[in-house]
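To start, the structure under review is shown below, and the notes come after it.
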Amino acid sequence: MEHFKHLPEPFRIRVIEPVARTTRAYREQAIVQAGLNPFLLDSRDVFIDLLTDSGTGAVTQDMQAAMLRGDEAYSGSRSYYALADTVKEIFGYAYTIPTHQGRGAEQIYIPVLIRKREREKGLDRSKMVVFSNYFFDTTQGHSQLNGAAVCNVHTQAAFDTGVKHDFKGNFDLDKLEQGIVQAGAQNVPYIVCTITCNSAGGQPVSLANLRAVYAVAQKYDIPVVMDSARFAENAYFIRQREAECRDWSIEKITYECYRHADILAMSAKKDAMVPMGGLLCFKDETVADVYQDCRTLCVAQEGFPTYGGLEGGAMERLAVGLRDGMREDWLAYRINQVEYLVNGLEAAGVVCQQPGGHAAFVDAGKLLPHIPPGQFPAQALACALYREAGIRAVEIGSLLLGRNPKTGGQLPCPAELLRLTVPRATYTQTHMDFIIEAFARVRERAADIKGLAFTYEPPVLRHFTARFREAV
Ligand SMILES: *Cc1c(COP(=O)(O)O)cnc(C)c1O
């Protein structure tokens, strides 16, 4: 079928979740009641929900069927071995701990790696720094809760929606090495490679960059953690864009990527397609001591290490989801769907970050130049989009970034983006066309959209529960 211009969805839909259509008057009332914050809307009031792709996608037949095989034994469950064997085959990692979701893994490995560095290298906690191409917000949160300063060493091009680059998720290798030298390697307990780079718009990291980061880490004897939520999308982009890998399978690329890290932490709610689940895995004997310490902490935080945060059926489902999520026709469809959405928005005059893996990122700063960053243009745009069409999207800009804890001033944000996150196999091309049309309508009246001011600003993680009024 390769000669067809447009290939349709590579699946049949067999289970239906009804959604209600609402009137503009109803939505107007709903968004005001939600304090002009889409996070506070009820799901039943949302027509197309693009808040996140985390745990919101469809599951496959084989995943559903696998649930029934669950062995719910408290220890040594058969389902645990099904999962651990799958991890070994896909990633080549010898030791596995299941967790309830990604942050379940983070709350275990982060304190363990810090204590190990303290014990073995004399880490000074007051000088502790950790590096990433870009920390996901919970990874940043757990690092900071454990006393580390976080440093994102992304490339200059990463957040510039005017610049196209194959691997906008890459580390700036010079900044990484300079940062390590400046901090003193003993004060760097870990480096996190986030694939794909969520914060820059689902942008991939190249295999060459992963190799180079690992070489730097080995030089300074620092463990590398692969933050793996979208490992399959990243492998797909590598196959498309990195000459060396053009003829490789997704499986081969994935295996090769993970040779260049020591620890795998995963939110399995993304590419592994489960509604809830996570993984914490260790490559080989060189990190067997970390595995041992993590198992101990796991008992207290998540559960006995052969189930961690998951029931037996959920471990079976995850084992299947890891494989189903790597299907190439499926990945091609998904990436093309996001690209279709971005191209449609651009054609309607809405500037976006170049298409990435899981979402379209609209440059709200460019669409609403009359709204200053301090009045949150992307949040104002989210409200306008909901009012227009019942679509829920999420602000990735100044509101999310927050204030400098020392000065209380708003942190300067590199871009004011609105993320339209596409759940897996949940919405069709007709939905994408509808979203594009909604944006075209919003854009016509862009000059009338007003900025926002807080009526309630929570002290931390403010974007989830803040309330607003229109600024005058
Ligand atoms: C989602 C995500 C996490 C956190 O995982 P949860 O399952 O939401 O707890 C961590 N890192 C990355 C890159 C993610 O995308």
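Taking the Cα atoms only, what angle lies between the long axis of helix 78-91 and the longest principal axis of the chain, rounded to 10 degrees?
It works out to around 80 degrees.
Rule-of-thumb check for region 94-182: C-alpha Rg over 2.2 N^0.38 Å?
Details: Rg = 15.2 Å, N = 89, 2.2 N^0.38 = 12.1 Å.
Dividing the Cα radius of gyration by 2.2 N^0.38 Å gives 1.26.
How many nm is it between the label spots at Glu437 and Thr455, if each spot is 7 Å from the Cα in line with the beta carbon?
For the pair Glu437/Thr455, the computed spacing is 3.3 nm.
Based on the inverse mean of 1/r over its pairs of different Cα atoms, what is the Kirkwood hydrodynamic radius of region 92-132, in Å? Working shown, then result.
On the way: mean 1/r = 0.0830 Å⁻¹.
By the Kirkwood definition, the hydrodynamic radius is 12.0 Å.
Write down, largest first, the equivalent ellipsoid semi-axes of region 328-455 in whole Å, where each equals the square root of 5 times an eigenvalue of the alpha-carbon gyration tensor.
Numbers: eigenvalues 141, 60, 27 Å².
Equivalent-ellipsoid dimensions as semi-axes: 27, 17, 12 Å.
Mind checking the log10 I(q)/I(0) for the chain at q = 0.08, 0.09, 0.11 Å⁻¹? Debye, one equal scatterer per Cα, no solvent, two decimals.
One equal scatterer on each Cα of the chain leads to -0.47, -0.60, -0.91.
Work out from phi, with θ = phi - 60° and the Karplus expression 6.51 cos²θ - 1.76 cosθ + 1.60, the ³J(HN,Hα) of each residue of region 17-22, listed in order in whole Hz, and give x for Gly and Pro.
10, x, 10, 9, 8, 10
When only C-alpha pairs under 8 Å and at least 6 residues apart count, what is the relative contact order of region 96-237, in percent?
Numbers: 222 pairs, mean separation 35.3, N = 142.
Relative contact order comes out at 25 percent.
Mind checking the angle between helix 173-183 and the chain's longest principal axis? C-alpha axes, 0 to 90 degrees, to the nearest 10.
Between the helix axis and the principal axis of the chain, the angle is about 60 degrees.
With angles folded into 0 to 90 degrees, how steeply does helix 312-324 sit against the dominant principal axis of the chain? Use alpha carbons for both and round to 10.
70
Hey, what's the per residue convex hull volume over the C-alpha atoms of region 292-396, in cubic angstrom? Let's see the in-between values first.
Working: hull volume 20.6 nm³, N = 105.
Enclosed volume per residue, from the Cα hull, is 196 Å³.
Ordered by residue, what ³J(HN,Hα) values in Hz, to whole numbers, does region 455-472 give under the Karplus form 6.51 cos²θ - 1.76 cosθ + 1.60, where θ = phi - 60° and Gly and Pro are x?
Each residue of region 455-472 in turn: 9, 8, 10, x, x, 10, 6, 5, 5, 5, 10, 4, 10, 9, 10, 6, 6, 9 Hz.
What number, in nm² with one decimal, is the all-direction average of the projected area of the convex hull of the alpha-carbon atoms of region 1-134?
Details: hull surface 66.0 nm².
Taking the Cα atoms of region 1-134, their convex hull projects to 16.5 nm² on average.
For every helix of n ≥ 4 consecutive DSSP H residues, a contribution of -39,500 (n - 2.57) applies; sum these over the chain, divide by its total residues, and give [θ] at 222 nm rounded to the nearest 500 deg cm²/dmol.
Working: 17 runs with 192 residues, N = 472.
Value at 222 nm, helices only: -12500 deg cm²/dmol.
Counting other Cβ atoms within 10 Å, keep those with at most 13, restrict to DSSP loop, and tell me which trypsin sites (Lys or Arg not before Pro) in region 431-460 are left. The partial results should precede the final answer.
Numbers: sites: Arg441, Arg443, Arg445, Lys450; in loops: Arg445, Lys450.
In loop regions of region 431-460 (DSSP not H, G, I, E or B), the sparsely surrounded trypsin sites (Lys or Arg not before Pro) are Arg445.
Would you grab the residues whose amide H sits under 5 Å from the one on Ala359? Only those 5+ places off in sequence or on another chain, please, with H modelled 1.01 Å from N.
Close amide H contacts, sequence-distant or interchain: Val422.
Pairs of Cα atoms under 8 Å, at least six residues apart: use those to get the relative contact order of the chain, whole percent.
On the way: 957 pairs, mean separation 106.0, N = 472.
Answer for the chain is 22 percent.
Counting residues in region 158-249 as N, plug N into 2.2 N^0.38 Å and put the Cα Rg over that result.
1.12
For region 210-346, what is one quarter of the convex hull surface built on the Cα atoms, given in nm²?
Working: hull surface 41.2 nm².
Mean shadow area of the hull around the Cα atoms is 10.3 nm².
Could you tell me the extents of region 1-74's C-alpha atoms along the three principal axes, largest first, rounded to whole Å?
52, 45, 19
Per residue of region 326-339, in order, report the coupling 6.51 cos²θ - 1.76 cosθ + 1.60 (Karplus, θ = phi - 60°) as ³J(HN,Hα) in whole Hz, putting x for Gly and Pro.
9, 4, 5, 5, 5, 5, 4, 4, 5, 5, 5, 5, 5, 5
Ignoring the sites themselves, what is the longest stretch of the chain with no GluC sites (Glu not before Pro) in a DSSP loop and at most 14 other beta-carbon atoms within 10 Å?
Working: sites that count: Glu2, Glu72.
Longest stretch, sites excluded: 73-472.
Since every read-out is calculated from the coordinates, none of them should be taken as a lab result. Values in this document were obtained by computation on a predicted structure and should not be read as measured data. Backbone-built Cβ (ideal geometry, glycine too); neighbour counts: all protein chains shown.
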